[in-house]
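The structure appears right after this line, and notes come after that.
The values are calculated or read from the model by the stated rules, or taken from the named source; none is laboratory data. Owing to the predicted nature of the structure, the values given are computational and were not obtained by experimental measurement. A quick note on method: Cβ atoms are made from the backbone with ideal geometry, for glycine too, and the neighbour counts reach across all protein chains shown. These area figures cover heavy atoms from the full protein model, side chains too; ligands, DNA and RNA do not enter into them. Shrake-Rupley method; radii C 1.70, N 1.55, O 1.52, S 1.80 Å.
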Amino acid sequence: MAVTSNSLASPCAPGISLAGGSSGAVENNVVAAPGGSEFLPVTPARILDTRTGTGTGKVARLAAHAALKLKVTGAHGVPATGVTAADLDLTVAAPSGSGYLVAHPDGTPRPGVYSLSFAKGHTAAGRSLVKVGTDGEIDLYNAGSSPVDITADLLGDYGVYPAG
């Protein structure tokens, strides 16, 4: 059984806008948002998979009450600079315990809210809009009772890009 959620938290000043076709798919264009950031969709890409080492360079579950840093800028169609947030699908695959995953900008204190909750034996997935740290990284914190496997699929980014 898979559990899904769709939580979006505004990472920037008011003015962020989303664009999508009638089918729910985001079109491949930049959406201007006066006074805020623009959304730039990318071809979906798996940028983290703890089961294969994608995004971390090593195959290892994220330990209970531990964090990992994930670089989201400079690859997969995401610019190296000017990025304010990443649009991600986060998944915790078949956890052996219950808990929640906190995604937040690297270099900032961990917030008191979570991005995804999970229950023992049940894969949980959800979309999360995560502000990016000044170093282009986000932190993922496992506030669960046991180590977990995590995947992150990049869907797009928000940023302040030159007009044109």
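Odds and ends about this structure:
- Cross-link reach is defined here as a Cα-Cα straight distance under 13 Å, omitting same-chain residues fewer than 8 places apart; for Lys131 the aspartates and glutamates meeting it are Asp87, Asp106, Asp139, Asp157.
- Whole-percent carbon and sulfur share, accessible surface of region 28-164, 1.4 Å: 55 percent
- Rounded if a/c under 1.5, otherwise prolate or oblate - region 58-164, Cα gyration tensor axes: prolate
- Multiplying the residue separation of Arg51 and Ser96 by 0.36 nm and subtracting their alpha-carbon distance yields 14.8 nm.
- Sites Val160 and His122 - FRET efficiency at Förster radius 41 Å, r taken between beta-carbons, to 0.05: 0.60
- Accessible area per residue for region 53-164, computed on protein heavy atoms with a 1.4 Å probe, is 43 Å².
- Neighbour net charge for Ala60 - beta-carbon separation under 13 angstrom, K R +1, D E -1: +1
- Annotation: extensible slack from His65 through Thr81 equals 2.7 nm (criterion: 0.36 nm per residue apart, minus Cα-Cα distance).
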